1. Restricting to region B:45-69, what's the tally of residues that are within 16 Å of B:LEU145 (Cα to Cα) and of a type in the set (A, V, I, L, M)?
2. So which of A:GLY12, A:GLY82, A:GLY42, A:GLY22 is of a type outside the set (Phe, Trp, Tyr) and at pLDDT below 85?
3. Are any of the residues in region A:89-104 part of a loop (DSSP other than H, G, I, E, B) and either surrounded by 15 or more Cβ atoms within 10 Å (Cβ to Cβ) or more than 19 Å from the chain's Cα centre (by Cα) (or both)?
4. What number of residues in region B:193-211 are within 10 Å of another protein chain (Cβ to nearest Cβ) and touching a residue at least 40 places away in the same chain (Cβ under 8 Å)?
5. Among the residues of region A:129-164, write down those that are under 15 Å from A:GLY103 (Cα atoms) and either facing chain B (nearest Cβ under 7 Å) or not in a helix (DSSP H, G or I) (or both).
6. Being part of a helix (DSSP H, G or I) and either on the phi > 0 side of the Ramachandran plot or over 18 Å from the mean Cα position of the chain (by Cα) (or both), is that true of even one residue in region B:105-113?
7. Looking at this structure, is A:ILE241 part of a helix (DSSP H, G or I) and farther than 30 Å from A:SER66 by Cβ?
8. Of everything in region B:22-34 that's assigned to a helix (DSSP H, G or I) and more than 16 Å from the chain's Cα centre (by Cα), which residue is nearest to B:LEU79 (Cα to Cα)?
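The values are calculated or read from the model by the stated rules, or taken from the named source; none is laboratory data. These numbers were taken from a predicted model, which means no experiment stands behind them. Virtual Cβ from ideal backbone geometry, glycine too; neighbours counted across all protein chains shown.
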Amino acid sequence: MGTNWAWFHRFGSPPHVYRLAGLLTPWFAWPAALSILAALYGGLVLAPPDYQQGEGFRILYVHAPSAWLSVMIYAVMATAAGIGLIWRMKVAHAAAASCAGIGAWFTVVSLVTGMLWGKPMWGTYWVWDPRLTAQLVLLFLYLGYIGLRSGIDDVGRADRASAVLALVGVVNIPIIRYSVEWWNSIHQAPSVMKMEKPSMPMEMLVPLLLMFLGFTLYFAAVMLVRLRAEILRRERSASWIREALR
Amino acid sequence: MSMGTAAGSWQAARIVLQREWLLAVRRPAQVLQPLAFFAVVTAMFPLGYTPELAKLRAIAPGVLWVGALLASLLALEHLFREDASDGTLEQYVLSGQSLTWLLLAKTIAHWLLTGLPLTLMAPWLGVALGVPLTAAIGVMGALALGTWTLSLLGSIGAGLTLGVRRGGVLLSLLTLPLAVPVLVFGARATELAIVGDSPTGALYLLGSLAVLGLTLAPLAAAAAVRIGLE
């Protein structure tokens, strides 16, 4: 009696979430744009070149936030999928669906930037470095999720089946990361870059942190836009849509 | 979801096992084809790479594991499909027995009819790759544990792809990334056995994966089959 769950149940209502997402989008998009611009200026202009890697290290400002997001988005997706599965909340499934594409692209970005960075540093685009390998497997997990979703025609069934897959994946990701780490430590001598991370000077670190913030806000903004599109697609025959789009 | 009594559950699981066994005896091709596939794939490597046994021995763990992985996946495609189309799975759901339990019995049957024969066959295929028979115990231990975990992982994938047209490719796309830890530890144990070291450490890791899979996978597979049957 005491706790009021109405606020939670309102998240189950597509019109409410559609409106809320529309209201929130600019509050994420603008800070994202500002912090990414500031971080770009700080990272590309103000920060000094690295004493070992020269200018090449600057790709870190895109690489590290993308890698962080690729994993974070999977966790967000699995959480949304779990909520959708447990409380049978359609909007949560729609949120999970709108996460998958973004997560897969950030995984691709982190792989490509990692390869571009690897060319001058390792002398080759691809090394079976544990983190690169784990990212590659993560990309396959995203592709499997997207493939399963598109393979099932019925939206409700696609939602629930892909939710089970996302949860299985989230249990598996730490095990995969650990096993790849273990596999690599046997097969390959520690690479040059395995040096102890020296504490970064402030003028390098601040833009990086800003970039992490900016990328995360950007993800939130894009996810809300995609969530709105997803809700529109799913509810296209509902009557509230006509009013909302008037 | 009513649960059967303990005695009833055992009986139900035994009936499922018996049925799978009978089906396999009546349709032996389904059991033999993955084995033939395993042999053919393994034979491609000497032809495509080099006939030198010393070189083949170096890649033998990878060849044996990828071959067993693919052969096991090939068989997994049929784990639930026929039973879903002829209504057997629906009867399982309606039987009042725990679906998790029945599917576990079915997965065990699948492993006995696919994973175990693959395991028994692997040392002989290994000989063709220059693997000494002294490594047989390690190779078989690793494959027995690994194919068991694969069957469990595959039961989730097979359940999820129940309603999908041409689900075979998708099943591989879903299951193979999840099988990466099994492949890593399994190939490592096999490699250690081949060079004559003790594979115990890697086998323990494989064993822990097998136990984790046994704990969680049947629940996920039952959820997946329920969704697939809707």
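1. Total satisfying the criteria: 4.
2. Numbers: A:GLY82 fails: at pLDDT below 85; A:GLY42 fails: at pLDDT below 85; A:GLY22 fails: at pLDDT below 85.
Criteria check complete, one pass: A:GLY12.
3. yes
4. Counting residues in region B:193-211 that are within 10 Å of another protein chain (Cβ to nearest Cβ) and touching a residue at least 40 places away in the same chain (Cβ under 8 Å) gives 2.
5. Listed by number, the residues that qualify are A:VAL137, A:PHE140, A:LEU141, A:LEU143, A:GLY144, A:GLY147.
6. Within region B:105-113 (the criterion being part of a helix (DSSP H, G or I) and either on the phi > 0 side of the Ramachandran plot or over 18 Å from the mean Cα position of the chain (by Cα) (or both)), the answer is no, since none of the residues qualifies.
7. Values: part of a helix (DSSP H, G or I): yes; farther than 30 Å from A:SER66 by Cβ: yes.
It is true that A:ILE241 is part of a helix (DSSP H, G or I) and farther than 30 Å from A:SER66 by Cβ.
8. Going residue by residue through region B:22-34, those that are assigned to a helix (DSSP H, G or I) are B:22-26, B:29-34.
Restricting the remaining residues to those that are more than 16 Å from the chain's Cα centre (by Cα) gives B:22-23, B:25-26, B:29.
Numbers: B:LEU22: 15, B:LEU23: 12, B:VAL25: 16, B:ARG26: 16, B:ALA29: 14 Å.
Of everything passing the filter in region B:22-34, B:LEU23 is nearest to B:LEU79 (Cα to Cα).
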